[in-house]
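These notes concern the structure reproduced below.
Read-outs: derived from the displayed coordinates by stated rules, not from any lab. Because the structure is a prediction, the values reported are computed rather than measured. Cβ coordinates were reconstructed from backbone atoms using ideal geometry, including for glycine residues, and neighbour counts include every protein chain displayed.
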Amino acid sequence: MRKLLSEIRASLAATVCLSVILCGIYPLLVWLLAQGLFPDKANGSLVTRSEGIVGSSLIAQMFTGERYFHPRPSAAGEGYDAASSGGSNLGPISRELVSVVERRVAQYREVNHLAPGNRVPVDAVTASASGLDPDISVRNALLQAPRVAGARGLSQETVRAQIEMHTKGRSLWVLGEPRVNVLELNIALDGITK
């Protein structure tokens, strides 16, 4: 019986010690380091303007209308719902996915006034795994540029220059493709047309 009590006491002591370290000290150290080294990223990469917080550069949000670049489609909840992040889980041979992509291709062509021969970028018609990807491909942005320029009364060169200014390269110089953050680009264009 004494050995059992000794084992229980040791187990409880280990549980208390590990709880204090792993649930208190470690998270506090990580938080302090994050706040000290990169507070912007640690606090959600929030984008603020004079009217307050307008979004996060890490999470997509819906933009509609001719004046704005449109993000990737979202499968998160009712669309761009960060609380319901996730993909559609439809496989590549799913008839439902094929139907959704065909509908999105037709809609993309219509909204951006594309000729039937123009290829639509895959990121314009498929949702990302999270459903909240804040970036679009450079090709997607360039195909949307004439629509946005016309709606804003800007030259296409001005809009293309903004796309180029907001293009981010590959992560670590080798991962992924060059991309454009939709929120940051739309905010920059709003600043030009005010």
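Any residue at all in the stretch 35-43 that is among the aromatic types (Phe, Trp, Tyr), out of contact with any strand residue (DSSP E or B) (no Cβ under 8 Å at 6 or more places or on another chain) and either part of a loop (DSSP other than H, G, I, E, B) or loosely packed, with under 10 Cβ neighbours inside 10 Å (or both)?
First, the residues of the stretch 35-43 that are among the aromatic types (Phe, Trp, Tyr): 38.
Cutting the leftovers down to out of contact with any strand residue (DSSP E or B) (no Cβ under 8 Å at 6 or more places or on another chain) gives us 38.
Checking which are either part of a loop (DSSP other than H, G, I, E, B) or loosely packed, with under 10 Cβ neighbours inside 10 Å (or both) leaves us with 38.
Scanning the stretch 35-43, I find at least one residue that is among the aromatic types (Phe, Trp, Tyr), out of contact with any strand residue (DSSP E or B) (no Cβ under 8 Å at 6 or more places or on another chain) and either part of a loop (DSSP other than H, G, I, E, B) or loosely packed, with under 10 Cβ neighbours inside 10 Å (or both), so the answer is yes.
Scanning the stretch 1-23 for residues that are in a helix (DSSP H, G or I) and exposed (fewer than 10 other Cβ atoms within 10 Å of the Cβ) yields ARG2, LYS3, LEU4, LEU5. Tallying residues that are surrounded by 21 or more Cβ atoms within 10 Å (Cβ to Cβ) and either of a type in the set (S, T, N, Q) or in contact with a strand residue (DSSP E or B) (Cβ under 9 Å, 6 or more places away or on another chain) (or both) within the stretch 113-132 yields 1. Only one entry of THR64, THR48 meets the criterion of being out of contact with any Pro (no Cβ under 9 Å at 6 or more places or on another chain), in a strand (DSSP E or B) and free of Cβ contacts under 8 Å to residues at least 60 places away in the same chain, and that entry is THR48.
Taking the stretch 48-92 as the range and being β-branched (Val, Ile, Thr) and more than 13 Å from the chain's Cα centre (by Cα) as the test, the residues that pass are THR48, ILE53, VAL54, THR64.
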